[in-house]
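Accompanying notes for the structure given below.
The values are calculated or read from the model by the stated rules, or taken from the named source; none is laboratory data. Not measured: the values here are computed from a predicted model. Cβ sites come from the backbone with ideal geometry, for glycine too, and all protein chains shown count toward neighbours. With ligands, DNA and RNA removed, areas are computed over all heavy atoms of the protein, side chains included. Shrake-Rupley method; radii C 1.70, N 1.55, O 1.52, S 1.80 Å.
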Amino acid sequence: MPKLTHRPGFWGFLFISPWLIGFLCFTAGPMITSLYLSFHKYDLASIQFVGLENYRRLFQEDPLFWKALKNTLFYAVVTVPLGITGSLIIALLLNQNVKGIKLFRTCFYLPSLVPSVAAALVWQWVFNSDNGILNTTLSLFGIPGPQWLQDERATPWAFAMMSLWGVGGARMVIFLAGLQGLPDSYYEAARLDGAGSWRCFRQVTLPMLSPVMFFNVVLGIIGSFQVFTSAFVMTGGGPNHASLFYALYLFQNAFEYLKLGKASAMAWILFTILLALTYIQFRASKRWVYYEGGDK
C-alpha cells in the first residue's frame with residue numbers, strides 16, 4: 001500500500017473517484033445501454049435484435065419523426081438568434097455604472113430561477129385565447145389575437161415567444177462577465193481615433209466578445225434541440241403535432257408507447273445531429289471568433 005500511494009496520480013484519481021464512479025454509473029453506462037438497445041426491439045417485456053431496423057423505420061416509415069425534427073429545427077433557428085441578441089442587449093444595459101445596478105441585475109435574473117413547469121403554466125394562461133393577458137392587451141389596440149395554443153400556425157411562434165422568458169438567465173450572466181473582462185484601453189484607443197459609441201461596439205466590443213458569443217451559441221443550439229417541458233405541460237405536442245418537438249416525441253416513444261429501442265435510436269440520432277452541428281460551428285468559428293493576441 002505505501003508503494004501504491006507513492007505512484008504518480010494516485011491521489012488525483014482517488015479524489016476524483018466519486019465523480020468517475022458517478023459518471024460510469026449514471027452517464028457512460030446509460031449511454032452504452034441506449035446504444036445497445038437502439039439495435040433491438042425492446043418493450044420491457046421482451047428484447048429482440050433487429051439491427052438497423054429502428055433507424056430505417058424512423059427515416060422511411062415514421063412521418064412524425066420528420067415532423068418533430070422540423071418543429072425542433074424551426075424552434076432552434078428562431079429562438080437561438082433571438083435569445084443571443086436579447087441576452088447581449090440586456091447584458092449591455094446591465095453593464096452600466098448606475099445607482100442600483102445590482103438590484104436591476106437581480107430582477108432580470110430572477111425569472112430564470114422559476115421552475116420550468118411553473119413557467120409553462122404561467123405562459124399557458126398568457127396564451128389563453130379567451131382571457132389571456134396577451135390577447136387582452138392586443139384587443140385594447142383593436143387587434144384580434146390568434147388562438148395561440150389551438151392554431152397549428154400560431155403555436156410554433158407562441159413557443160418561440162415563450163423562449164424569451166430566459167434571456168435574462170445564464171447567457172446574460174456570461175455576456176455580462178465577458179463585458180466586464182474587456183480592457184478599457186481598447187475603448188480609449190478607439191475614442192482617440194474618433195470612434196463613437198456605435199463604432200466602438202461594432203469594432204471593439206463585438207470582436208472581443210466573440211468567444212463568449214460563440215460559447216453561448218453552441219450551448220443555445222444544444223439546448224434548443226432539447227426543449228421538452230413547455231410542450232409536454234402546455235400542449236402535449238398538439239395541435240396537430242405543431243408542438244411535437246424531438247425530445248417530446250422521444251419521451252412518448254420511450255415511456256408512453258414503450259418502444260424503448262426506437263427511442264434509443266432517436267437519442268443517438270439526436271446525438272449525431274448535435275455533434276455535427278457543433279463540429280460545423282467550431283469550423284466556422286475560425287472566420288469570426290477572435291481571441292486576444294490575434295489567434296482565431
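Can you pull the percent of the chain's accessible area that's carbon plus sulfur, 1.4 Å probe, other chains left in place? That share works out to 68 percent.
Amide H contacts of residue 41: 48, 49, 50, each under 5 Å away and 5 or more positions distant or on a separate chain (H built 1.01 Å from N in the peptide plane; Pro and chain starts excluded).
The loop-placed chymotrypsin sites (Phe, Trp or Tyr not before Pro) in segment 130-166, going by DSSP, that have at most 12 neighbouring Cβ atoms within 10 Å of their Cβ come out as 141.
Suppose R0 equals 45 Å. What FRET efficiency, 1/(1 + (r/R0)^6) with r the Cβ-Cβ distance, do residue 32 and residue 110 give to the nearest 0.05? Could you put the intermediate results ahead of the total?
Numbers: r = 40 Å, r/R0 = 0.88.
Plugging the Cβ-Cβ distance into 1/(1 + (r/R0)^6) gives 0.70.
In the context of the full set of protein chains, segment 59-288 has a per residue accessible area of 55 Å² (1.4 Å probe). Our coupling estimate for segment 104-121, obtained by passing each phi through the Karplus curve with A = 6.51, B = -1.76, C = 1.60 and θ = phi - 60°, is 4, 4, 5, 5, 6, 7, 4, x, 6, 8, 5, x, 4, 5, 5, 4, 5, 5 Hz, Gly and Pro reported as x. Of 92, 176, the residue with the largest accessible area leads and the full order is 92, 176 (1.4 Å probe). Phi angles across segment 166-179 convert, under the Karplus curve 6.51 cos²θ - 1.76 cosθ + 1.60 with θ = phi - 60°, into 3J(HN,Hα) values of x, 5, x, x, 4, 4, 4, 5, 5, 4, 4, 5, x, 5 Hz, Gly and Pro given as x. Taking 7 Å steps out from each Cα toward its Cβ at residue 17 and residue 288 produces label points 4.8 nm apart. The 3J(HN,Hα) values that the Karplus relation (6.51, -1.76, 1.60; θ = phi - 60°) gives for segment 147-153 are, in residue order, 7, 3, 9, 10, 9, 5, 7 Hz. Gly and Pro appear as x.
May I have the count of lysine pairs in the chain with C-alpha atoms under 23 Å apart, counting pairs 8 or more residues apart or located on different chains?
Numbers: 41/67; 41/259; 41/262; 67/259; 67/262; 70/259; 70/262; 286/296.
The result is 8.
Secondary-structure-derived ellipticity at 222 nm for the chain, considering helices only, amounts to -19500 deg cm²/dmol, per-run term -39500 (n - 2.57) for DSSP H runs with n ≥ 4. Taking a ≥ b ≥ c as the square roots of the Cα gyration tensor eigenvalues, the chain comes out oblate, since a/c reaches at least 1.5 and a/b does not exceed b/c.
Mind checking which of 190, 170, 158 has the largest fluctuation in a GNM of the chain, springs on alpha carbons under 10 Å? Checking each option, the largest mean-square fluctuation is seen for 190.
Label segment 44-84 by shape, choosing from rounded, prolate and oblate, from the square roots a ≥ b ≥ c of the eigenvalues of the Cα gyration tensor; if a/c is under 1.5 it is rounded, and otherwise prolate applies when a/b is larger than b/c, oblate when it is not.
prolate
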